[in-house]
1. Out of the residues in the stretch 228-264 meeting the condition of being out of contact with any helix residue (DSSP H, G or I) (no Cβ under 9 Å at 6 or more places or on another chain), in a strand (DSSP E or B) and polar (S, T, N, Q), tell me which one is surrounded by the fewest Cβ atoms within 10 Å (Cβ to Cβ).
2. Please verify whether the stretch 417-426 includes one or more residues that are hydrophobic (A, V, I, L, M, F, W, C), assigned to a helix (DSSP H, G or I) and within 32 Å of the chain's Cα centre (by Cα).
3. Tell me, please, whether a residue that is out of contact with any strand residue (DSSP E or B) (no Cβ under 7 Å at 6 or more places or on another chain) and buried (at least 21 other Cβ atoms within 10 Å of the Cβ) can be found in the stretch 69-76.
4. Go through the stretch 98-143 and tell me which strands (runs of 3 or more DSSP E), entirely inside it, have 2 or more residues that are at pLDDT 95 or above and over 24 Å from the mean Cα position of the chain (by Cα).
5. Scanning the stretch 404-416 for residues that are in a helix (DSSP H, G or I) and not charged (D, E, K, R), which turns out surrounded by the most Cβ atoms within 10 Å (Cβ to Cβ)?
6. Could we say that R430 is of a type in the set (D, E, K, R) and touching a Lys or Arg at 6+ places or on another chain (Cβ under 8 Å) here?
7. Here is a check on your reading of the model: is R447 at pLDDT 90 or above, exposed (fewer than 12 other Cβ atoms within 10 Å of the Cβ) and either of a type outside the set (V, I, T) or out of contact with any Leu (no Cβ under 8 Å at 6 or more places or on another chain) (or both)?
8. Please work out if L284 is in a strand (DSSP E or B) and under 26 Å from C222 (Cβ atoms).
Amino acid sequence: MKQKKSSAFHHADDSTKTRTDATAAGPLSSQIVGDHLTPVDSSASIDDDLPEFGAPPSNTAPTNCKQPPNNFIKILRSGVDSLYLSYSGVLFDDQNAVLSALKKTAQSPFEIDHASAMYRHQNHLFKVSDKGAGRHPYVLSDNAYRIQLASPTAKRIPLAYAQVKSDWLAHKGVQNSYDNLTSIVETFGAIEDTPKVSRSDHFIDFTCSFLFEELTRMAWICRARQFSDYWNGQIFTGFSFGLGGDISARLYNKTEEIKKSKKDYLKPLWKENGWDEQQDVWRLEFQFKRKVLSEHQITSVDDLLRRLGSLWIYATTQWLKLTVPSLTDDTKSRWPMHPLWTELVEADWGPFLDAKPKPIRPNNSPTDRYLFEAGLGSLTSFMARENITDVYDANFEYVQKAKTHHSSKTEFTGSDLYTYAYEKASLKARKFNLPFGNHEQKAKDIRVSAQAEAYKKAKDGE
């Protein structure tokens, strides 16, 4: 994604603006006309021309406050996109032995051994990394969670630092995801206190016809100094505010973003709430780190769920807001809030947060579209090279030539076609968090052996 500096912000072209002669109409201020900010006669009150949205937002306003008239946006989803938690406690000795053995398996010089570096917990099959993260020597991950675990002798660091991933949160919700994660961490060590929220990312997905690229820099009022806009060629894709700070924000074209991230699971969720599959979906997202969460008395997940509304209102009214600038009043605090922004401030989160959990697998298995469209690339290339028009004939010939090719290299690689394919499939299964062949049984055997060794050491007083 190509990034441009803040200087790239610009007014709408003169052809899209309505001008009023200052000497004839009196002082000028800015007003929204269509999708643009344009100067108008300010002898009449700006507030008279803006839609009425009820009482102004406050830190105590409930999250289900009255919705403003939907002049600018249609809200499709809102919620928590990513959640990071820390668990204080101590890792069990036998689990330390198991994780150490599985990590060594992941570090084996023989790639096929890596497929057995897996840890099963109910319906989660975690791959165990060959590397640690910071001061946590063990890292486990699947499509739902990424969990870092400390050694039993570690001091002043949490037992576990874990991320709940966005697609899992989208389908399971915050509370179910948290409860499940806690049950997993409890199998590794003794939790000594209520888990703490280290970071939380909150978002609203919406559609609108507003042209964000035509906003001026002065329309944004933000406490952070960092401010950037982003383009993909000639397509405007969004803004960022305060990246790297204790609180940061992004407003970006989510439809464009998922073309690269492949988060297609969002599309049916948007359709459930009225997306027409034609309009671009935009996302306003705030990232809150522990310092800001603590300032808002948010320590636990229960605190977070109780204060989602007030935290959102703080972020969108006190930390960042979009305004209608005035050309005659230099006091930005008196500039009226843009009506689009008002709708985002007053959005009702309840219907989305209360949604029932939806089925989702904790693995990363490829989709049929990937396998049977993109995955046919090598076969169709073979068909073109060999001038074979029938796909079934081509598939048979492809396998025969693959056998010949790998047999000719066996002296150097030690692998014929069957061995080569099995090893590659084993590693793909690990990547996708899927069971394959006898690798899960090997992982179980490693666990049993490590636990027995740990028990023997404890019995002998080592």
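1. S240
2. Yes, the stretch 417-426 contains at least one residue that is hydrophobic (A, V, I, L, M, F, W, C), assigned to a helix (DSSP H, G or I) and within 32 Å of the chain's Cα centre (by Cα).
3. no
4. So the answer is 118-121.
5. Only one residue tops the list, namely H406.
6. yes
7. It is false that R447 is at pLDDT 90 or above, exposed (fewer than 12 other Cβ atoms within 10 Å of the Cβ) and either of a type outside the set (V, I, T) or out of contact with any Leu (no Cβ under 8 Å at 6 or more places or on another chain) (or both).
8. When the stated conditions are applied, L284 passes them.
The values are calculated or read from the model by the stated rules, or taken from the named source; none is laboratory data. Keep in mind that this is a model prediction, so the values were computed, not measured. Methodologically, a virtual Cβ is constructed for each residue, glycine included, from the backbone with ideal geometry; neighbour enumeration extends over all protein chains shown.
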